[in-house]
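Colleague: Next up is a structure, given as structure tokens.
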There are 2 protein chains.
Amino acid sequence: MMDTPLVLTAFLNRAEKYFGKKQIISRTSDTKIHRITYADFAVRTRKLASALADLGMQRGMKIGSFAWNHHRHLETYFAVPCSGAILHMINIRLSAEHLIYIINHAEDEIILVDEDLLPIIESIEHELKSVKTYIIMGDDVDLSKTTLKNVLSYEQLIASADENFVFPDDLEENMTAGMCYTSATTGFPKGVEYSHRGLVLHALSLGLVETFGISEREVIMPVVPMFHVNAWGLPFASVNYGANQVLPGPNFTPKILIDLMESEKVTLTAGVPTIWLGVIQTLDQSPEPRDLSSLKLVVSGGSASPKGLIKAFEEKYNIPFIVGYGMTETSPIVSVSNYTSEMDDWTADEKLAIRATQGLTVSLIETRIVNENGEVPADGQTMGELTIRGPWIADEYYKDERTEDAFRDGWLYTGDIAVRTPEGYIKITDRTKDLIKSGGEWISSVDLENALMTHEAVFEAAVIAMPHPKWQERPLACVVLKNNDIEENSVKAQLYSHLEQDFAKWWLPDDIIFLKEIPKTSVGKFLKAKLRDDLETLLVK
Amino acid sequence: MMDTPLVLTAFLNRAEKYFGKKQIISRTSDTKIHRITYADFAVRTRKLASALADLGMQRGMKIGSFAWNHHRHLETYFAVPCSGAILHMINIRLSAEHLIYIINHAEDEIILVDEDLLPIIESIEHELKSVKTYIIMGDDVDLSKTTLKNVLSYEQLIASADENFVFPDDLEENMTAGMCYTSATTGFPKGVEYSHRGLVLHALSLGLVETFGISEREVIMPVVPMFHVNAWGLPFASVNYGANQVLPGPNFTPKILIDLMESEKVTLTAGVPTIWLGVIQTLDQSPEPRDLSSLKLVVSGGSASPKGLIKAFEEKYNIPFIVGYGMTETSPIVSVSNYTSEMDDWTADEKLAIRATQGLTVSLIETRIVNENGEVPADGQTMGELTIRGPWIADEYYKDERTEDAFRDGWLYTGDIAVRTPEGYIKITDRTKDLIKSGGEWISSVDLENALMTHEAVFEAAVIAMPHPKWQERPLACVVLKNNDIEENSVKAQLYSHLEQDFAKWWLPDDIIFLKEIPKTSVGKFLKAKLRDDLETLLVK
């Protein structure tokens, strides 16, 4: 067989050759919808690559993007990796401290940043060691308004660039194409690299009937951010299959998403449960019915989807709603909760139970749920840790000693505790890791605990996840004071200001409560399940 | 990313782990339907591998299969390559001379042969130089009845073999898994090797919505023989996706195929146009209506599908009928004539014209139609030679000097002359070797054949080049009528007026003659050289 490498350039070429008339629709601001064809997109992407090459972009160089979901971000998704460089998709929601760490750790040399996100980058510029050039993405960028040095306008660059630029034809499929950082249980985020081969195979698999069934016929709206695990591969798959894509841009609300779904006749959309909870609430409260009849599939992932949410979509609004499971380390799709034919005559409740699982493992990926006796039986009962292997699963953290915790014997150890149902579906029951997932973003309870315990009034502190109707989980801080006689409200205010110094606002606990003690194991580890159960009896007052 | 190789073992493991209850249904004789689950199939495949290992099978060794489509052939499809050996799928329809050549050329060391095909192998045994062992596949094989030496019974081997055999976990994806020989225009057949990587990616792609959309929900009947280009990858795809498969066994008729489709609720079937012509004729003549309501897709390939045939399936029987294009060198799927969304509101005739093309190039495969000026424009007019590149395209003929004719500059030169439609579809107009060049202008014999076959009186038609003193070559139409009793001169006049509607006068055949049959290759392609040679003996009168 021919030694044809699996590289993203093939996707770009395919869109241009066969789907030149299909569209990328970007909401670039509250008042503007921008439309571009794949034919134009391909030309602009070549021009961007040419401009970046002129700025010194080389193979293996890290180029950061700091942006919402829009056509320019999509252009960087191809211009950078198809040139042999590496696109570092920076999570715009990280704290300044973490942003500084990951940009320096990745050694990003150019950063493409959205105009409305400039203040964040401006505030940390002096700490960034490797960045030589900033490029501002926006419609009418005024370069005189930023404090950044060595700064250029994306559109000006494109306007003067070479549209006959030719991408190299000697890329190897195992070259790194992109990278994302993922929050750790403790400490700084960990970097995950994606190879061309992994991204191509992952995106290809999204066209399978057994996953999302993407084809040229779809209109795809990734609500999941493009700075989160490649927006679950949807931008790559859309380009390869020639599907129209709708990119919802900055600061969208549920109503804006519904407006886009209705006006652009979106057929498939994907995001975290918090988004869908908001969409359902808005639909329920809408004064007149919305026409979402084009919508054939909602994909939910990033954390568990409550059954009530699935039921609302499927039964009340007649929109199929499936769960996908994955993580930053897995590109991300590992399993999908589609039904198999044996379930066709199951009851609604039985089917709902399947929908709410993490699903059946997709082709080319292997999953094993293992405990001390090896792989657990598919009995729906025996718990073990979920481990994963396959061509789009990471095999290390980028230049990080924490690699050995998660990657062992050729498998990724996810830290998720799961059972396998008799039908072969993965069902996650718990997490070994001490993380709180709030609106699709990780919050490290350990980091919050450590910070709280540096405060002079605090004896010890445990931070636990509490269920939340909108964000799924929110942190609650449980604090034992050194001296219980002091005035609680004043301590609480002190602790909040203490935390605000180090953490993004959305990391701050929803409440801080004061306990007599925190239950512990024999070796002194917090027993968080018991803490949750006994919370009331442990209160100081 | 993990360096997980793309090997067929993953397909076998997946079927056993997730689809153990799904079925392989084999018609093993005129009176017997054999049923086996994927769970049983996996056990039997391991036992077969164990038995073959005991017989000396080693990595890289060629193992021949000489068999119809059935579960035992499917077991060899996995037992051999998953052990690191190479399955040579021998075309049972080749002449003795060609069989001897290819078995000796491949150096097959073990041959698995169907009981009813024994006489062919017995008659050439003395010429086979490398074969050490024969294994007879059948339900109740009596070894005393064959003249073969060193012969064993498949079922006896399985019965005593080790079911705990473990396939090696260190196969590399570029290892050869299988091989087929393809007929050459002249000389002995040419060998094509398939790698694990190529077969895995090809089979994976058959689960894409843009191709056949195979999933666990399908019941798949490959009518295309398993000795012809991996039965178009359907057995591999069915195992990976957990689809039930219906294997039609020896010497089937159109009626037997219809019976199987009806009783087993087949949803997808695939074969050459000759098969479908026979099926339509049988349906048309059936005294009572047949229930083919389960059938969602008929795939036709191997040679051009006449529009009349497509129309009969789609309009008369309401069964979607698509054309796939490929060849032995391409594993085989290169392109598929599915509609894209822009065609949804086209007229029936416009849609039929698209269906009859060779289709849109599938993901991961590149096609270029090239003439002396480079790639031709997508104008539906400019002809060039179709060239192909991709991870499941061969890069050579096995130990064969003819490699350099077909494989140049990293591309496969197909010898097919084609145009690209404005929608990007490939439309083959002729073979380079089979074009008619009249007075310096090309005439497409395929276009004339297709037009003739849309006439109600015509069963099939071949158009060949005849030498001409003035114009060098002129077309001669050779027609097989559905009913030979009708008056030839009146039909001839009708056919000419039929052709005159669509073709320039100089394209019209110099004569139309009526034949009893058109000689075909073992896979149903017209043998035009033989047709020319045997013309007189084939005449109806």
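Colleague: Taking the options A:L283, A:L277, name whichever one is modelled with pLDDT of 95 or more and more than 30 Å from A:C82 (Cα to Cα). Before you say what the answer is, go through the steps one by one.
Modeller: Numbers: A:L277 fails: modelled with pLDDT of 95 or more.
A:L283 is the lone residue from the list that is modelled with pLDDT of 95 or more and more than 30 Å from A:C82 (Cα to Cα).
Colleague: What pairs come out if I take residues in segment B:335-358 that are without any contact (Cβ under 8 Å) to a residue 60 or more places away in the chain and pair them with residues that are of a type in the set (K, R) whose C-beta lies under 6 Å away, six or more apart or interchain?
Modeller: Here the result reads B:S341/A:R217; B:L352/B:K307, each pair linking segment B:335-358 to a residue that is of a type in the set (K, R).
Colleague: Conditions first: (1) outside any loop (DSSP other than H, G, I, E, B); (2) open to solvent by 10 Å² or more (accessible area, probe 1.4 Å); (3) within 12 Å of chain B (Cβ to nearest Cβ). A:K311 passes all but one, so which condition is the exception?
Modeller: It is condition (3) that A:K311 fails.
Colleague: Out of segment B:78-111, which residues are over 21 Å from the mean Cα position of the chain (by Cα) and assigned to a strand (DSSP E or B)?
Modeller: Those that are over 21 Å from the mean Cα position of the chain (by Cα) and assigned to a strand (DSSP E or B): B:D108, B:E109, B:I110, B:I111.
Colleague: At least 3 residues that are within 32 Å of the chain's Cα centre (by Cα) in each: list the helices (runs of 4 or more DSSP H) lying fully within segment A:428-541 that qualify. So that I can check it myself, show each step before the final result.
Modeller: Working: elements: A:445-453, A:488-500, A:528-533, A:535-538.
Helices (runs of 4 or more DSSP H) meeting the threshold: A:445-453, A:488-500, A:528-533.
Colleague: Next question. Can you tell me which residue is nearest to the chain's Cα centre (by Cα) among those in segment A:298-323 that are of a type in the set (D, E, K, R) and under 19 Å from A:V266 (Cβ atoms)?
Modeller: Step one: of segment A:298-323, the residues of a type in the set (D, E, K, R) are A:307, A:311, A:314-316.
Pick out the ones that are also under 19 Å from A:V266 (Cβ atoms) and you get A:314, A:316.
On the way: A:E314: 24, A:K316: 28 Å.
So, considering only residues that are of a type in the set (D, E, K, R) and under 19 Å from A:V266 (Cβ atoms), the one nearest to the chain's Cα centre (by Cα) is A:E314.
Colleague: Kindly establish whether A:L12 is closer than 26 Å to B:D395 by Cβ, buried (at least 23 other Cβ atoms within 10 Å of the Cβ) and at the interface with chain B (Cβ under 9 Å from one of its Cβ atoms).
Modeller: Details: closer than 26 Å to B:D395 by Cβ: yes; buried (at least 23 other Cβ atoms within 10 Å of the Cβ): yes; at the interface with chain B (Cβ under 9 Å from one of its Cβ atoms): no.
Taking the combined requirement at face value, the residue does not satisfy it.
Colleague: In segment A:412-425, which residues are within 14 Å of chain B (Cβ to nearest Cβ), touching an Asp or Glu at 6+ places or on another chain (Cβ under 9 Å) and farther than 21 Å from A:M179 by Cβ?
Modeller: Within segment A:412-425, A:R420, A:T421, A:P422, A:E423 meet the criteria.
Colleague: Mind checking which residues of segment B:253-271 are open to solvent by 20 Å² or more (accessible area, probe 1.4 Å) and either not charged (D, E, K, R) or not in a helix (DSSP H, G or I) (or both)?
Modeller: So in segment B:253-271, the residues open to solvent by 20 Å² or more (accessible area, probe 1.4 Å) come out as B:253-256, B:259, B:262-265.
Within segment B:253-271, B:T253, B:P254, B:I256, B:S263, B:E264, B:K265 meet the criteria.
Colleague: With the structure loaded, tell me whether A:S293 is touching a helix residue (DSSP H, G or I) at 6+ places or on another chain (Cβ under 7 Å), at pLDDT 95 or above and surrounded by fewer than 24 Cβ atoms within 10 Å (Cβ to Cβ) or whether it fails that test. Talk me through it step by step, then tell me what you get.
Modeller: Working: touching a helix residue (DSSP H, G or I) at 6+ places or on another chain (Cβ under 7 Å): no; at pLDDT 95 or above: yes; surrounded by fewer than 24 Cβ atoms within 10 Å (Cβ to Cβ): yes.
It is false that A:S293 is touching a helix residue (DSSP H, G or I) at 6+ places or on another chain (Cβ under 7 Å), at pLDDT 95 or above and surrounded by fewer than 24 Cβ atoms within 10 Å (Cβ to Cβ).
Colleague: Determine if segment B:369-376 includes at least one residue that is out of contact with any Leu (no Cβ under 8 Å at 6 or more places or on another chain) and open to solvent by less than 10 Å² (accessible area, probe 1.4 Å).
Modeller: no
Colleague: Is there any pair linking a residue in segment A:69-95 that is of a type in the set (S, T, Y) to one that is at pLDDT below 95, with Cβ under 8 Å and at least six apart or on different chains, and which?
Modeller: Once the first residue is of a type in the set (S, T, Y) and sits in segment A:69-95, its partners that are at pLDDT below 95 give A:S95/A:D502; A:S95/A:F503; A:S95/A:A504; A:S95/A:W507.
Colleague: Sticking with this structure for a sec: How many of the residues making up segment A:235-257 are closer than 24 Å to A:D30 by Cα and either modelled with pLDDT under 95 or not small (G, A, S) (or both)?
Modeller: 14
Colleague: Can you tell me which of (1) open to solvent by less than 10 Å² (accessible area, probe 1.4 Å); (2) more than 18 Å from the chain's Cα centre (by Cα); (3) closer than 29 Å to B:Y18 by Cα is the one A:A243 doesn't meet?
Modeller: (3)
Colleague: Continuing with the same structure: Would you check if B:A237 is part of a loop (DSSP other than H, G, I, E, B), within 16 Å of the chain's Cα centre (by Cα) and of a type in the set (A, V, I, L, M, F, W, C)? So that I can check it myself, show each step before the final result.
Modeller: Working: part of a loop (DSSP other than H, G, I, E, B): no; within 16 Å of the chain's Cα centre (by Cα): yes; of a type in the set (A, V, I, L, M, F, W, C): yes.
So B:A237 fails the test.
Colleague: Within segment A:161-191, track down each residue that is buried (at least 24 other Cβ atoms within 10 Å of the Cβ) and within 14 Å of chain B (Cβ to nearest Cβ).
Modeller: A:A177, A:G178, A:C180
Colleague: Criterion first (within 23 Å of B:G233 (Cβ to Cβ) and crowded, with 24+ Cβ neighbours inside 10 Å) does B:G60 satisfy it?
Modeller: no
Colleague: Among the residues of segment B:37-53, are any more than 14 Å from every other protein chain (Cβ to nearest Cβ), at pLDDT 95 or above and either within 25 Å of the chain's Cα centre (by Cα) or not in a helix (DSSP H, G or I) (or both)?
Modeller: yes
Colleague: Sticking with this one: For A:V7, which of the numbered conditions (1) farther than 30 Å from B:T403 by Cα; (2) within 14 Å of chain B (Cβ to nearest Cβ); (3) open to solvent by 10 Å² or more (accessible area, probe 1.4 Å) fails to hold?
Modeller: (1)
Colleague: Out of curiosity, is B:S144 assigned by TED's automatic domain parsing to the domain that holds B:V43, more than 30 Å from A:E173 (Cα to Cα), of a type in the set (S, T, N, Q) and in a helix (DSSP H, G or I)?
Modeller: Details: assigned by TED's automatic domain parsing to the domain that holds B:V43: yes; more than 30 Å from A:E173 (Cα to Cα): yes; of a type in the set (S, T, N, Q): yes; in a helix (DSSP H, G or I): yes.
For B:S144, the condition - assigned by TED's automatic domain parsing to the domain that holds B:V43, more than 30 Å from A:E173 (Cα to Cα), of a type in the set (S, T, N, Q) and in a helix (DSSP H, G or I) - is met.
Colleague: Take the residues of segment B:200-212 that are touching a strand residue (DSSP E or B) at 6+ places or on another chain (Cβ under 8 Å) and open to solvent by less than 10 Å² (accessible area, probe 1.4 Å): which is farthest from the other protein chains (Cβ to nearest Cβ)?
Modeller: B:T211
Colleague: Does segment A:321-372 hold any residues that are part of a strand (DSSP E or B) and within 13 Å of chain B (Cβ to nearest Cβ), and which are they? Even if it seems obvious, please write down each step before you answer.
Modeller: In the first step, residues of segment A:321-372 are kept if they are part of a strand (DSSP E or B); the result is A:321-325, A:335-336, A:359-361, A:366-371.
A:S335, A:V336, A:G359, A:L360, A:T361, A:E366, A:T367, A:R368, A:I369 - these are the residues of segment A:321-372 that are part of a strand (DSSP E or B) and within 13 Å of chain B (Cβ to nearest Cβ).
Colleague: Among the residues of segment B:15-36, which ones are assigned to a loop (DSSP other than H, G, I, E, B), within 12 Å of chain A (Cβ to nearest Cβ) and either of a type in the set (A, V, I, L, M) or open to solvent by 60 Å² or more (accessible area, probe 1.4 Å) (or both)? Even if it seems obvious, please write down each step before you answer.
Modeller: Going through segment B:15-36, the residues assigned to a loop (DSSP other than H, G, I, E, B) turn out to be B:19-22, B:30-31.
Filter again for within 12 Å of chain A (Cβ to nearest Cβ), leaving B:19-22.
B:K21, the sole residue that qualifies.
The values are calculated or read from the model by the stated rules, or taken from the named source; none is laboratory data. Please read these numbers as outputs of a predicted model, since none were measured by experiment. With ideal geometry, Cβ positions are generated from the backbone for all residues, glycine too; neighbour counts draw on all protein chains shown. These area figures cover heavy atoms from the full protein model, side chains too; ligands, DNA and RNA do not enter into them. Shrake-Rupley method; radii C 1.70, N 1.55, O 1.52, S 1.80 Å.
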